[in-house]
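Colleague: Just passing along the structure, written as structure tokens.
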Amino acid sequence: MPFGEVVCGAPGSGKSTYCYGKHQLFTALNRPISIINLDPANDNIPYPCAIDIASLITLQDVMDEHGLGPNGGMLYCMEHLDANFDWLEARLKELGPDAYVLFDIPGQVELSTNHESLKHIVQRLTKIGFRLAAVHLCDAHYVTDAAKYVSVLLLSLRTMLQLELPHINVMSKVDLIAQYGDLDFNLDFYTEVQDLSYLENVLNTASPRYAALNMAFCSVIEDYGLVGFETLAVEDKASMLHLTRAIDRATGYVFVPSRDAPAPEGALEASSVPASARPNTFSLFSSAAGAMAGNVRDVQERWVDAREQWDAFERKEWRKEGENIREASEREKVQAEARGKNRIRERK
């Protein structure tokens, strides 16, 4: 059974950068990954693309042929993909039954909030066997402004209700958050979304005219109680691994055994089927969910409170690691030369 992520978010939230970073991480971990570009306007793709919607339709062609603007043309492209889903399905089958797929979605937020085409595509992907999770990226700088933060909460909530998938909201570019000014609260206040009444004073000060409206929005968000955030610094390995573990739990991939994992005693024999389709007993006994590592307060310390100290510490560790690698390489070289001399003596 294939797994995947529907990577969505507003323009500039870092979707393509995240996909590229995920490809690099999975390549290093020796995990299979395929990235599908579903953005017909994206002609500068940074990652290796397994399937590109440009082979089916492009935004520029639609705009030229039908006289549509960028937003209208994007909606047309998604409707065209929905109507020609068999094109996508045929190419997805070529990736194999154990594929892990990232769907890079266009940045127009209406596609994931109120337009039906993307929702139909996701539903049809689920019907053909994909276990998907929505990964909704939001630029972390929005938390530096209370009104913008409320708007991001509304956008995230609407996306969750529209796509109807296991959902991970992500504050991307958290490593840049200190550039936008001081936070009114600790970072965990923004990620856990527990008591938004604390925003009232800030909202009254910043935009008193809309304070009541903003608090009404906060009440709606709290009534649903669905929104929360993970953090992401795409160039930080620990951050990427933490988010990957959260997504694996959401999709159920964490319970899929590796290909060479031994079967526990009493499990059904299923060597002839893909790993992702083996019985749950096998998967559960050969996988360990474990406790989620990482803490938002650690993230705040790393990227907000003590970034310079952490950067200096990491540079020191990198230098030490480089020196160790260089010393190990020199030792191997000396040992190889010694072995060569010994062979020469033995021949004599």
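Bear in mind that the values in this text are calculations on the coordinates, not laboratory data. Because the structure is predicted, anything quoted here is derived from the model rather than measured. Note that we place each Cβ from the backbone using ideal geometry, even for glycine, and neighbour counts take in every protein chain shown.
Colleague: Taking the Cα atoms only, what angle lies between the long axis of helix 146-163 and the longest principal axis of the chain, rounded to 10 degrees?
Modeller: Relative to the chain, helix 146-163 is tipped by roughly 80 degrees.
Colleague: Still on this model: Please list, in order along region 60-69, the HN-Hα scalar couplings obtained from phi with the Karplus expression 6.51 cos²θ - 1.76 cosθ + 1.60 (θ = phi - 60°), rounded to whole Hz, x for Gly and Pro.
Modeller: Result, rounded to whole Hz: 4, 4, 5, 5, 5, 7, 10, x, 8, x.
Colleague: When every alpha-carbon pair in region 1-153 is counted, what percent end up more than 27 Å apart? Present the calculation step by step, with values, prior to reporting the outcome.
Modeller: Numbers: 2634 of 11628 pairs.
That tail contains 23 percent of the Cα-Cα pairs.
Colleague: Hey, if you drop one equal point scatterer on each alpha-carbon of the chain and run the Debye formula without solvent, what base-10 log of I(q)/I(0) do you get at q = 0.06, 0.08, 0.12, 0.14 Å⁻¹?
Modeller: -0.29, -0.50, -0.98, -1.22
Colleague: What's the angle, to the nearest 10 degrees (0 to 90), between helix 116-127's Cα axis and the longest principal axis of the chain?
Modeller: It is inclined by approximately 40 degrees.
Colleague: Under a Cβ-only charge scheme (Lys and Arg +1, Asp and Glu -1), can you give me the dipole magnitude of the chain about the Cα centre, in debye to the nearest 20?
Modeller: In debye, rounded to 20, the chain gives about 1780.
Colleague: While we're looking at this one, here's another question. Say the dipole of the chain comes from +1 at the beta carbon of Lys and Arg and -1 at that of Asp and Glu; which of 71, 247, 126 then lies farthest toward its positive end?
Modeller: 247
Colleague: Turning to a different aspect of this structure: Counting only residues 5 or more places away or on other chains, whose amide H sits under 5 Å from the amide H of residue 169 once H atoms are built in the peptide plane?
Modeller: 136, 228, 230
Colleague: For the pair residue 309 and residue 110, how long in nm is the line joining their label points, each one 7 Å along Cα→Cβ?
Modeller: It is 4.9 nm.
Colleague: Please list, ordered by chain and number, the residues whose modelled amide H lies under 5 Å from the amide H of residue 102; skip anything fewer than 5 residues away on the same chain.
Modeller: The list, which skips near neighbours in sequence, is 5, 34, 35, 36.
Colleague: Identify, among 340, 310, 329, the residue whose Cα sits farthest towards the positive end of the charge dipole of region 307-348, taking +1 on the Cβ of Lys and Arg and -1 on the Cβ of Asp and Glu, with the dipole about the Cα centre.
Modeller: Going by the charge dipole, the pick is 340.
Colleague: Sticking with this one: Which of the residue pairs 93/173; 237/316; 15/316; 22/316; 148/237 have a Cα-Cα distance greater than 24 Å in the structure shown? Please list the in-between numbers first.
Modeller: On the way: 93/173 34 Å; 237/316 17 Å; 15/316 31 Å; 22/316 26 Å; 148/237 28 Å.
Distance filter (> 24 Å) returns 93/173; 15/316; 22/316; 148/237.
Colleague: Kirkwood Rh over Cα pairs of region 80-120 into Stokes-Einstein at 20 °C, 1.002 mPa s: D in µm²/s?
Modeller: On the way: Rh = 11.8 Å.
My calculation gives 182 µm²/s for D.
Colleague: Using per-residue counts of other Cβ atoms within 10 Å, averaged over each peptide, order 146-159, 84-97, 66-79 from highest down.
Modeller: Details: 146-159: 20.4, 84-97: 14.0, 66-79: 16.6.
The peptides rank, most packed first, as 146-159, 66-79, 84-97.
Colleague: Report the relative contact order of the chain, percent, no decimals, based on alpha-carbon pairs under 8 angstrom and at least 6 residues apart.
Modeller: Values: 449 pairs, mean separation 63.5, N = 348.
Answer for the chain is 18 percent.
Colleague: Could you list, bin by bin from short to long, the percent of Cα-Cα pairs of region 15-89 in 10 Å steps?
Modeller: 19, 42, 29, 9, 1
Colleague: Whole Å is fine, so just give me how far the alpha carbon centre of region 99-136 lies from that of region 1-66.
Modeller: What the calculation gives is 12 Å, centre to centre.
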